[in-house]
Amino acid sequence: MRILASLVAAIMMSWSGFAQEREERLSLDEIESWMRIIQVKPGMTGVPQGPQVPAEFRGDDSCRWANDNECDDPRYGTGACQINTDYSDCWRILSGAEDDSCRWANDNECDEPGLGTGACVQGTDATDCGDLVSLRFQRDSCETAFDGVCQEAGQGGDGSCAPRTDRSDCIGRERPLTIFDHYFGYDDRVFMDTSVFPWVVVGQITMDSGGACTATLIGPDVLVTAGHCIAGQNGVNFSGRFETGYDLRGGPRTARIIDYFMSPQWDYQRYRTTDDIDGTDWALLRIDTPLGDELGFVGIRALVTEEGEQAALRADIYQAGYSHDTGDHLSGNIACQMVTIYPDNTMAHECDTTRGDSGSPFMVREGNEYFIVATDSNFRRNPNGPYFYIAARADEWVPYYEDFVSGQLGQTRRPAGSDGVKPGGVITNPFAPAPVK
């Protein structure tokens, strides 16, 4: 049901090739692009069989996902490859021979996929990733995850959760600050019931090109998400569908995306390579079915503009998104907070979000009403500690809302036959990074 992103395997293979030749580390924008993209390989929706560590591991690289830096052997990895067909990515971790052979080992930053930047093959950055490897290939995708009871067989549970799908309950919620994810020492997330408001209106946009993000109903037929979810280096591709309410009787509700509007200041290259225009990372989308008439929709609020920075920093934030590590579940935070308000229409936050949460809503509550005040965007380096995780505040797009709802704004007025894509060509992978210079 869920397709969390597009062709990261090809991206990772190209990066691993560059890694042998380049004198510099991966740039921030390359790492950021990788963090926003998760590849759902065939088999990854299943559960790996392991861990089973053989005394000796032999095989070849005949799997299509071989040499992408990530182990896909079902005995310990993602399960996307058949046994013994992803040798180069897997032999170290399967035979207990992890080392520091990566050129970027011992730089105090974990560089293996999933836990770090993805610049190194798994098992070749052992020292830097040492305190993280216990979390490798662990997820919270079991139906009873986050309930405080470990249900994995072999971990004291009754086996109702498959191996490595009840991470927080079996291993604990503590997360090293060095993990390359949006956790702040402790994972506070819970599952949300998508049959009740407001979580019923927080859904997914799945692009025809393969990418996906979280989006929220803010009108009968209007959504808000992150701009980078529909815009890439080749332009904008908004062709796709919106799906929400997975727990509803009768199944989820679905609609097609038919229109969009983005910040007039949006510039993909500047967004990727600088922090200058992070506040423009938003997009309003129109769908062909007014799902909000049935399900409702959340309100909107320019919180900082209306109430000031101090009030915004005191506000309890409600956030939820379709994280890459929680299966088909909507996971989120209750009463996390903004930590810094920036003058560029962004904010740093302490909500536990991760890859797949791009575009997810940050809301405030007043009684039974919810108002979206920001959407999940990206991150910024912090020389003195963990990364700053950034959301684009609603303050910039709120003034455009009424005109978009009424149809006075939108970008679909184009010649017939264009298939809803801006002039410039069909985008096959809107999230792929630009060629390395």
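The values are calculated or read from the model by the stated rules, or taken from the named source; none is laboratory data. None of these values were measured; they are calculated from a predicted model. Glycine gets a Cβ as well: all are built from the backbone with ideal geometry, and neighbour counts include every protein chain shown.
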Sole residue being closer than 26 Å to Ala119 by Cβ and out of contact with any Phe, Trp or Tyr (no Cβ under 6 Å at 6 or more places or on another chain), chosen from Phe137, Phe197: Phe137
Residues satisfying the stated conditions in the stretch 234-258, i.e. out of contact with any helix residue (DSSP H, G or I) (no Cβ under 6 Å at 6 or more places or on another chain), farther than 12 Å from Thr206 by Cα and not hydrophobic (A, V, I, L, M, F, W, C): Asn234, Gly235, Tyr246, Asp247, Arg249, Gly250, Gly251, Pro252
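One residue is enough: does the stretch 268-283 have a residue meeting the conditions part of a strand (DSSP E or B) and either among the aromatic types (Phe, Trp, Tyr) or modelled with pLDDT under 90 (or both)?
No, the stretch 268-283 contains no residue that is part of a strand (DSSP E or B) and either among the aromatic types (Phe, Trp, Tyr) or modelled with pLDDT under 90 (or both).
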Tally, over the stretch 238-267, of residues that are touching a strand residue (DSSP E or B) at 6+ places or on another chain (Cβ under 8 Å) and either assigned to a strand (DSSP E or B) or free of Cβ contacts under 8 Å to residues at least 24 places away in the same chain (or both): 15
Total residues in the stretch 65-116, condition part of a loop (DSSP other than H, G, I, E, B) and among the basic types (Lys, Arg): 2
Boolean, Ala162 is in contact (Cβ under 8 Å) with a residue 60 or more places away in the chain, surrounded by fewer than 23 Cβ atoms within 10 Å (Cβ to Cβ) and not acidic (Asp, Glu): yes
Residue tally, condition polar (S, T, N, Q) and more than 15 Å from the chain's Cα centre (by Cα), over the stretch 338-382: 5
Members of the stretch 243-254 found to be farther than 22 Å from His324 by Cα and either among the basic types (Lys, Arg) or buried (at least 21 other Cβ atoms within 10 Å of the Cβ) (or both), listed by number: Arg249
Complete set of residues in the stretch 300-348 that are closer than 17 Å to Glu366 by Cβ, of a type outside the set (A, V, I, L, M) and assigned to a loop (DSSP other than H, G, I, E, B): Arg301, Gly308, Asp316, Gln337
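Of everything in the stretch 129-158, what is at positive phi and in contact with an Asp or Glu (Cβ under 7 Å, 6 or more places away or on another chain)? Give them in sequence order.
Residues satisfying the conditions are Phe146, Gly148.
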Yes/no for Arg173 being at pLDDT below 95 and crowded, with 23+ Cβ neighbours inside 10 Å: no
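If you take the residues of the stretch 81-115 that are of a type in the set (Asp, Glu) and surrounded by fewer than 22 Cβ atoms within 10 Å (Cβ to Cβ), which of them is modelled with the lowest pLDDT?
That would be Glu109.
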Residue match in the stretch 365-377 (condition: basic (Lys, Arg) and either surrounded by 24 or more Cβ atoms within 10 Å (Cβ to Cβ) or in contact with a strand residue (DSSP E or B) (Cβ under 8 Å, 6 or more places away or on another chain) (or both)): yes
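What number of residues within the stretch 222-232 are part of a strand (DSSP E or B) and either under 17 Å from the mean Cα position of the chain (by Cα) or surrounded by fewer than 24 Cβ atoms within 10 Å (Cβ to Cβ) (or both)?
Total satisfying the criteria: 5.
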Residues of the stretch 319-337 satisfying the condition of being under 19 Å from the mean Cα position of the chain (by Cα) and at pLDDT 90 or above: Gln319, Ala320, Gly321, Tyr322, His329, Leu330, Ser331, Gly332, Asn333, Ile334, Cys336
Residue satisfying condition, being modelled with pLDDT under 90 and surrounded by 19 or more Cβ atoms within 10 Å (Cβ to Cβ), within set Gly240, Gly219, Gly211, Gly235: Gly211
First in the stretch 280-296 and in contact (Cβ under 8 Å) with a residue 40 or more places away in the chain, second anywhere and among the acidic types (Asp, Glu), Cβ under 6 Å, 6 or more apart: Arg286/Asp221; Arg286/Asp259; Ile287/Asp221; Pro290/Asp221
Looking only at the stretch 122-156, and only at residues there that are part of a loop (DSSP other than H, G, I, E, B) and of a type in the set (Gly, Ala, Ser), the one that is nearest to the chain's Cα centre (by Cα): Ser141
Filter result for the condition that a residue is surrounded by fewer than 15 Cβ atoms within 10 Å (Cβ to Cβ) and at pLDDT below 85, over Arg75, Arg58: Arg58
Filter result (hydrophobic (A, V, I, L, M, F, W, C) and assigned to a strand (DSSP E or B)) within the stretch 349-390: Phe362, Met363, Val364, Phe371, Ile372, Val373, Ala374, Phe379, Phe388, Ile390
Filter result for the condition that a residue is in contact with a strand residue (DSSP E or B) (Cβ under 8 Å, 6 or more places away or on another chain) and among the small types (Gly, Ala, Ser), over Gly210, Gly219, Gly203: Gly203
